[in-house]
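The values are calculated or read from the model by the stated rules, or taken from the named source; none is laboratory data. This structure is a prediction, so every number in the text was calculated from the model and none was measured. Because the Cβ atoms are built from the backbone with ideal geometry, glycine has one as well, and the counts that use them run over all protein chains shown.
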Amino acid sequence: MIAIFSFLFHREIQSKIKDVLKDLETKEGIKPTEDEVIKMCGCLPPIEKMDATLLTLKNCTQLSLSTNNIEKIGNLSGLCS
């Protein structure tokens, strides 16, 4: 299954990946931890950091994080290549 996520979040602080994934599961009923293609694009406020929550995406073979405010690429060592 391919999951494409593009949401507008109305939070006062920067979005965190763990919050985006949690919202996808609770609001959309989609389990991003089971999908192979994850696209978190257009989050407002933008995602700021690539945290260790990415390690929960064990089946992910394609990760897209466009239009965000990520300063450093990281926490990708546990993902499929």
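Some points to look at:
- Checklist (1) under 18 Å from Q14 (Cβ atoms); (2) of a type in the set (D, E, K, R); (3) in a strand (DSSP E or B) applied to K39, failing item: (1)
- The number of residues in region 39-81 being β-branched (V, I, T) and within 10 Å of the chain's Cα centre (by Cα) comes to 2.
- Test: S81 is among the hydroxyl-bearing types (S, T, Y), modelled with pLDDT under 85, at negative phi and surrounded by fewer than 12 Cβ atoms within 10 Å (Cβ to Cβ): yes
- Flag if K49 is at negative phi, touching a residue at least 12 places away in the same chain (Cβ under 8 Å), exposed (fewer than 12 other Cβ atoms within 10 Å of the Cβ) and assigned to a loop (DSSP other than H, G, I, E, B): no
- Residue check, L57 on the phi < 0 side of the Ramachandran plot and modelled with pLDDT under 85: no
- Scanning region 11-33 for residues that are touching a strand residue (DSSP E or B) at 6+ places or on another chain (Cβ under 6 Å) and at pLDDT below 85 returns S15, L24, I30.
- Among the residues making up region 38-80, those that are of a type in the set (V, I, T) and farther than 14 Å from L21 by Cβ are T61, T67, I70, I73.
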